[in-house]
Amino acid sequence: MKKIFILAAVVFLIFAGLFSGGPSSNAASSLQEFKSKGKVRVVDTQGKQGPPSFVAGILSEKQAKADAKNAKKFLGKHKDFFHMNNPEKDLKEVRATTDDLGMTHVRLQQTKNGVPVDRNELNVHFNEKNEITTVNGNFDTKLDSLDINTTPSIQADKAVTEAKATVDAPAEVPVESSELVIYPIEKDYHLAYRVNLEFFEGEAGNWYVYVDAHTGKVLDQYNAMTGFGFFEDIIGTNEVEGSSALKVEQGPNPKAVENGGKLKPARGSGLGTTGLTKLLNLAHGNVPGSGEGSQFFLADYTTPDMDGIFTYNMKNTSNQMWLYSNKNASWKDVEYTGDSSTWETVGQGPAVDAHSNSRIVYDYFLNEHGRNSLDGNGMAINSRVHYWKEYNNAFWSNGIAMMTYGDGDGKQFIPLAALDVTAHEMVHGITHYNGGLRYRFETGAINEAYSDTFAALVDDSNWDVGEDIMGEEWLANGRTALRSNEDPGKFPTGAVYWPYSIDGEGRYPAHMDEYYYLPANMDNGGVHINCTILQHSAYLVAEEYGMGRTVVADTWYRAYDYLHYDASFAEFREAILQSAIDLYGEGSDEYNAFLGAFDDIGLYEGWSVNDNPRAPQL
């Protein structure tokens, strides 16, 4: 693997290489201005159109206010340096957040004639003095010179119909939306409808389909369903029957019941799937119109600043939900015996697990990171258990904002609502509400790495993920977990991926030399596989460099602010390092630990997926 070091002492001498044809006098003047305020770090990845990927230092004087208006004004002042013709017109504010250090992070979306450019977001960061300190992200300069007709020739409903046919969607799709975007694909640019379809019948999916807004042709598609297990060559794909339209009227609406004053807080206990007794926050009372007496519900109203934690029973369906109820506060009626054919046999264990674990994950993020629920604003945490029959997966749904857990088939998986799985899926929700990471290629692997890493941080018994959901067949074959952050190579991937591994043996990678160059139609380009490289770096920082789990958690959580919708591994590296600088200072033991861990996994400054592509072994 090639090492690319851009030393501060020489970055200014080679900076001309970052600009096609060399820098203009205005760009050089901007650079000189940045340099006059102190050290500047400039990182670029190969083949980019537009500004460098990451520029950090004291880049501006104090601004009147840390906001999008002043961010765009700054970019306009230095438009030659950042390769932008009219940033104040072409950039639209997505959001602005202020963190505990007093820093403000502004996210901007590139547009063309007012239409968003898919995947192109730019972040501008202000310190507590309202000085701009970092600019990073994607901006495609080439679009300025292109004449793109941004008036669609077909209506959105036609694009949605075409998208449904393309992904073989069921008759009823509970979550669907469309947005007009400029879509870059194969070095060309199309006006397209980005259609999102989420459904839970057949092969459950969260599809993004890009339909040309002039011709109606499908340009691209991928399934962004954030499932935990994906070994399709081993366990096959779960086919789910029934109408996909969600029918929540079968069970009581928890907020309506609460607002009616019918449910009161209660405490109880229950047996989890593996037989451990867990304490539960419940609600107790009569449900109007139910025809039943007083019941206990898996409804947790104990935190006034959030909307509650609710666990639903799907009773082996794909489209029905009942707020989980019991006649008393003891949820120990049925203990899991290994039979996952019906929810009655599986029993209450998955519900006990999902409900108690959701509270543990909520408390972790509130206490450790000051985050109030998945969206940061106290949204309800909703879980569904007993999804379909012998379902070997768990997933987070963006569209309905819920976690869903299958019961497993008892052979490959047992019920999947274990603590680390719950944390994994809830972190997918946190990633979504933090601006999202596209579930494809490098960015999707970063998305998965966040979920796996925080799964191991919340469930801190070890650095493995999925050790409590493994079925008897995998255990008999020596597979004790799905993935390992400590030693990724001790577990194999699915056999269909082995030809893409460095040695044909199909081990999970721990180093960039082992990166899987997968096509888009295989695991979305390696989202569940290449993630272990980044996760391993977290383990190294915590254990080998002795920084501990809290340093990893705080730095990774902060790095969300430096990422964007289509972030690369190279940008992830800089986001982590910049977060370590913010928290601990450049040159600190913590910073040096992250820097050393990135060297250990071969993720050097400026690494590009185009550096050393490796063809599959035939």
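The values are calculated or read from the model by the stated rules, or taken from the named source; none is laboratory data. Given the structure is predicted, the values throughout are model-derived calculations rather than measurements. Positions of Cβ are generated from backbone atoms using ideal geometry, with glycine treated the same way; all protein chains shown enter the neighbour counts. Only protein heavy atoms, including side chains, enter the accessible area calculation; ligands, DNA and RNA are left aside. Shrake-Rupley method; radii C 1.70, N 1.55, O 1.52, S 1.80 Å.
Quick notes on this one:
- Every condition in (1) of a type outside the set (V, I, T); (2) within 27 Å of G370 (Cα to Cα); (3) open to solvent by less than 10 Å² (accessible area, probe 1.4 Å) is met by L75 except one, and the failing one is (2).
- The set of residues in the stretch 360-371 being out of contact with any Lys or Arg (no Cβ under 6 Å at 6 or more places or on another chain) and either open to solvent by 30 Å² or more (accessible area, probe 1.4 Å) or aromatic (F, W, Y) (or both) consists of I360, Y362, D363, Y364, L366, N367, E368, G370.
- Filtered by the rule that a residue be among the aliphatic types (A, V, I, L, M) and open to solvent by less than 50 Å² (accessible area, probe 1.4 Å), the stretch 603-618 gives L603, V609.
- Here the condition is being touching a Pro at 6+ places or on another chain (Cβ under 9 Å), farther than 22 Å from N223 by Cβ and among the polar types (S, T, N, Q); of S501, S537, it holds for S501 alone.
- Being more than 18 Å from N485 (Cβ to Cβ) and either of a type in the set (A, V, I, L, M) or modelled with pLDDT of 95 or more (or both) holds for only one residue in L603, L540, L577, L534, and it is L577.
- Within the set A423, A449, A456, A417, the sole residue that is buried (at least 20 other Cβ atoms within 10 Å of the Cβ) and in a loop (DSSP other than H, G, I, E, B) turns out to be A417.
- Within the stretch 559-602, the set of residues being assigned to a loop (DSSP other than H, G, I, E, B), open to solvent by less than 10 Å² (accessible area, probe 1.4 Å) and within 16 Å of N136 (Cβ to Cβ) comprises L563, H564, A567.
Table: residues versus (1) touching a Leu at 6+ places or on another chain (Cβ under 9 Å); (2) assigned to a loop (DSSP other than H, G, I, E, B); (3) of a type in the set (V, I, T); (4) open to solvent by less than 30 Å² (accessible area, probe 1.4 Å).
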{"position": "T134", "(1), (2), (3), (4)": "yes, no, yes, yes"}
{"position": "K142", "(1), (2), (3), (4)": "no, no, no, no"}
{"position": "I148", "(1), (2), (3), (4)": "yes, yes, yes, yes"}
{"position": "K158", "(1), (2), (3), (4)": "no, no, no, no"}
{"position": "T161", "(1), (2), (3), (4)": "no, no, yes, no"}
{"position": "S178", "(1), (2), (3), (4)": "no, no, no, no"}
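- So V94, is it surrounded by 19 or more Cβ atoms within 10 Å (Cβ to Cβ), within 18 Å of F139 (Cβ to Cβ) and among the β-branched types (V, I, T): no
- Taken over the stretch 95-126, the criterion of being over 16 Å from R194 (Cβ atoms) and either in contact (Cβ under 8 Å) with a residue 60 or more places away in the chain or among the charged types (D, E, K, R) (or both) is satisfied by R95, T97, D99, D100, L101, M103, H105, R107, L122, N123, H125, F126.
- Scope the stretch 294-331; condition surrounded by fewer than 18 Cβ atoms within 10 Å (Cβ to Cβ) and over 33 Å from the mean Cα position of the chain (by Cα); matching residues: S294, K327, N328, A329, S330
- Residue match in the stretch 111-124 (condition: open to solvent by 10 Å² or more (accessible area, probe 1.4 Å), farther than 30 Å from P174 by Cα and either in contact with a His (Cβ under 6 Å, 6 or more places away or on another chain) or in a strand (DSSP E or B) (or both)): yes
- Condition check for N357: in contact (Cβ under 8 Å) with a residue 60 or more places away in the chain, on the phi < 0 side of the Ramachandran plot, open to solvent by less than 50 Å² (accessible area, probe 1.4 Å) and not in a strand (DSSP E or B): yes
- Residue check, L534 in a loop (DSSP other than H, G, I, E, B) and open to solvent by less than 40 Å² (accessible area, probe 1.4 Å): no
- Odd one out for A401 among (1) within 21 Å of G347 (Cα to Cα); (2) among the aliphatic types (A, V, I, L, M); (3) surrounded by fewer than 24 Cβ atoms within 10 Å (Cβ to Cβ): (1)
- Look at (1) surrounded by fewer than 22 Cβ atoms within 10 Å (Cβ to Cβ); (2) within 12 Å of V124 (Cβ to Cβ) and you find that V55 fails only one, number (1).
- Candidates in the stretch 360-404 are the residues that are of a type in the set (F, W, Y) and in a strand (DSSP E or B); of these, the one that is nearest to the chain's Cα centre (by Cα) is W396.
- Leading residue by the ranking (most open to solvent (accessible area, probe 1.4 Å)) among those in the stretch 465-501 that are under 17 Å from L534 (Cβ atoms) and in contact with a helix residue (DSSP H, G or I) (Cβ under 7 Å, 6 or more places away or on another chain): E486
- The set of residues from the stretch 78-91 being more than 12 Å from D144 (Cβ to Cβ) and either surrounded by fewer than 18 Cβ atoms within 10 Å (Cβ to Cβ) or of a type outside the set (A, V, I, L, M, F, W, C) (or both) comprises H78, D80, E88.
- On inspection, V551 does not qualify as part of a helix (DSSP H, G or I), buried (at least 24 other Cβ atoms within 10 Å of the Cβ) and either hydroxyl-bearing (S, T, Y) or without any contact (Cβ under 8 Å) to a residue 60 or more places away in the chain (or both).
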